[in-house]
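Report on one structure; see the data block that follows.
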Amino acid sequence: MLSLAERALSDLRSELEESSAADAVLRQELRRAVAGARDANQEVEAARELVEARESVVAQVELDLLRLERSASAIEKLSPFDFVVCPRCMQRLEGRPVQEDHCIVCLQHDPPDESVDPAAIQQTREALERQLQDAQAVREADAQVLAAARDRVQQADFLTTTLRRELDVQTRDIVAPRFDAIAGSSARVASLRASIDAVTQLRDAWARARSINQEVKDLKATRTRVQTDVKSRTLALAARGQLVDDLSQEFFTLLAELHLPWVQTAVIDPKTYLPVIDGNPFESLQASGGGITTCVSIAYSLALLEFGLTHPDVLVPSLLIIDSPRKALGNNPDDQERGNRIYDRFKALADAYGDRVQLIIADNDTAPIPSDTFSTIPLDYNRPMVPGVVHPGPEHVHRAEHSYEA
């Protein structure tokens with residue numbers, strides 16, 4: 001429809017151009033006059049912007065000159081005075097400490113001598129006055145250019161108006177019958193173009209709406225998957241939390257078997273997975289040291305070891321190395337009995353799990369249980385090394401394991 005309307009409008013214009021061949025020369029002159037008027041208007045606009053810029057420069061220079069005059073006047077009038085009171089609040093200034101080369105009123109650095117030198121101020125004033133004269137001269141020249149451009153615009157507008165009137169007089173009888181048709185065709189073309197633009201915008205809006213709708217669907221699907229994942233992970237977390245509770249129970253049971261009268265409550269912290277004894281965190285127990293820390297550490301290690309053996313999904317090493325479990329327990333009968341219970345627990349683990357668990361215990365005394373329960377490697381001054389590990393000698397400067405790694 002737009003193509004048909006544009007073709008009809010083009011046909012009407014072609015007919016009009018063909019019927020007015022006699023005034024082609026006048027039309028050509030009119031086109032040149034219109035182009036000249038357009039160029040002249042552009043020159044006027046450019047000249048006007050240039051004049052405005054020159055006026056800004058002149059105003060700035062005048063402002064700088066006025067600022068200089070005010071500064072010079074202030075310096076001339078106030079420099080002879082030696083203030084002893086503040087000119088604002090009238091408080092005295094003699095007792096206030098002021099650094100050298102600082103103003104006694106505002107406490108700022110004194111300006112350099114060249115900034116208050118009358119000769120320098122006069123030189124600056126003369127330079128600004130020359131700049132002002134130059135800027136005013138340039139502004140006047142640009143103003144003359146603007147005036148000349150406006151004259152050319154007036155001449156071009158007058159010529160254009162005259163040629164249009166002559167053209168209207170010559171083509172009135174030809175243009176009038178087709179004027180309504182051309183106007184109607186132009187309006188139809190404009191209406192069709194506006195309709196196409198509206199349809200295009202509406203199509204883009206619907207495309208955007210479809211894209212947003214798809215994004216919403218994708219987000220809803222993602223939210224459903226995330227919610228499902230959160231639910232499953234929440235259930236898994238709850239199940240794992242039950243594991244921590246079971247480990248706490250086994251840990252407390254093990255401490256009870258060791259007959260520790262000073263322990264009332266014992267749990268595993270679900271956040272740090274470390275023991276909490278009678279409300280005290282494991283770090284405070286370690287700081288105190290002694291038999292309590294030793295028993296708690298051994299019970300905690302044994303509970304983790306056995307829990308990993310009974311729960312395959314809990315990844316805990318099946319190897320446990322304990323150094324001097326009875327060293328910090330003391331020598332009274334209760335302490336020795338407690339050490340025997342610890343070794344009984346070692347034996348119970350070894351008997352229950354066999355090759356599934358490995359216990360390495362370094363102690364100052366032999367185990368207080370039958371000797372066939374554990375494989376024993378005695379170490380003394382004459383045999384200080386594990387069998388199979390050669391002593392490097394007193395002059396050897398490297399650790400034994402480094403030699404074997406090499």
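The values are calculated or read from the model by the stated rules, or taken from the named source; none is laboratory data. Here the structure is a predicted model, which is why all the values come from computation and not from measurement. We place every Cβ from the backbone using ideal geometry, glycine too, and count neighbours over all the protein chains shown.
Just to be sure, is Pro394 in the same structural domain as Val267 (by TED's automatic domain parsing), assigned to a loop (DSSP other than H, G, I, E, B), modelled with pLDDT of 80 or more and at negative phi? No. I'd like to know if region 76-98 contains one or more residues that are modelled with pLDDT under 75, hydrophobic (A, V, I, L, M, F, W, C) and in a helix (DSSP H, G or I). Within region 76-98, one or more residues are modelled with pLDDT under 75, hydrophobic (A, V, I, L, M, F, W, C) and in a helix (DSSP H, G or I). Just to be sure I understand, how many residues within region 364-389 are farther than 16 Å from Lys347 by Cα and surrounded by 10 or more Cβ atoms within 10 Å (Cβ to Cβ)? Qualifying residue count for the region: 5. Restricting attention to region 246-269, which residues are modelled with pLDDT of 85 or more and more than 16 Å from Glu306 (Cβ to Cβ)? Within region 246-269, Thr265, Val267, Asp269 meet the criteria. Quick check, is Ala221 of a type outside the set (Val, Ile, Thr), part of a helix (DSSP H, G or I) and at pLDDT below 90? No; evaluated as a whole, the condition is false for this residue.
Report, by residue number, each residue of region 340-369 that is of a type in the set (Ser, Thr, Tyr) and either part of a loop (DSSP other than H, G, I, E, B) or touching a strand residue (DSSP E or B) at 6+ places or on another chain (Cβ under 7 Å) (or both). Within region 340-369, just Thr366 meets the criteria. Within region 184-207, does at least one residue satisfy the condition of being surrounded by 12 or more Cβ atoms within 10 Å (Cβ to Cβ), at pLDDT 85 or above and farther than 30 Å from Leu30 by Cβ? Checking region 184-207: at least one residue is surrounded by 12 or more Cβ atoms within 10 Å (Cβ to Cβ), at pLDDT 85 or above and farther than 30 Å from Leu30 by Cβ. Run down Arg165, Arg172, Arg178 and say which single residue is surrounded by 12 or more Cβ atoms within 10 Å (Cβ to Cβ) and modelled with pLDDT under 80. Going through Arg165, Arg172, Arg178 in turn, the sole match is Arg178.
Suppose we filter Asp335, Asp351, Asp344 for residues that are of a type in the set (Asp, Glu), over 51 Å from the mean Cα position of the chain (by Cα), at pLDDT 85 or above and surrounded by 12 or more Cβ atoms within 10 Å (Cβ to Cβ); which single one remains?
On the way: Asp335 fails: at pLDDT 85 or above; Asp351 fails: surrounded by 12 or more Cβ atoms within 10 Å (Cβ to Cβ).
Of the residues listed, the single one that is of a type in the set (Asp, Glu), over 51 Å from the mean Cα position of the chain (by Cα), at pLDDT 85 or above and surrounded by 12 or more Cβ atoms within 10 Å (Cβ to Cβ) is Asp344.
Scanning region 266-325 for residues that are surrounded by fewer than 13 Cβ atoms within 10 Å (Cβ to Cβ) and either assigned to a loop (DSSP other than H, G, I, E, B) or not assigned by TED's automatic domain parsing to the domain that holds Tyr343 (or both) turns up Lys271, Thr272, Tyr273, Asp278, Gly279, Gly289, Pro312, Asp313, Leu315, Pro317.
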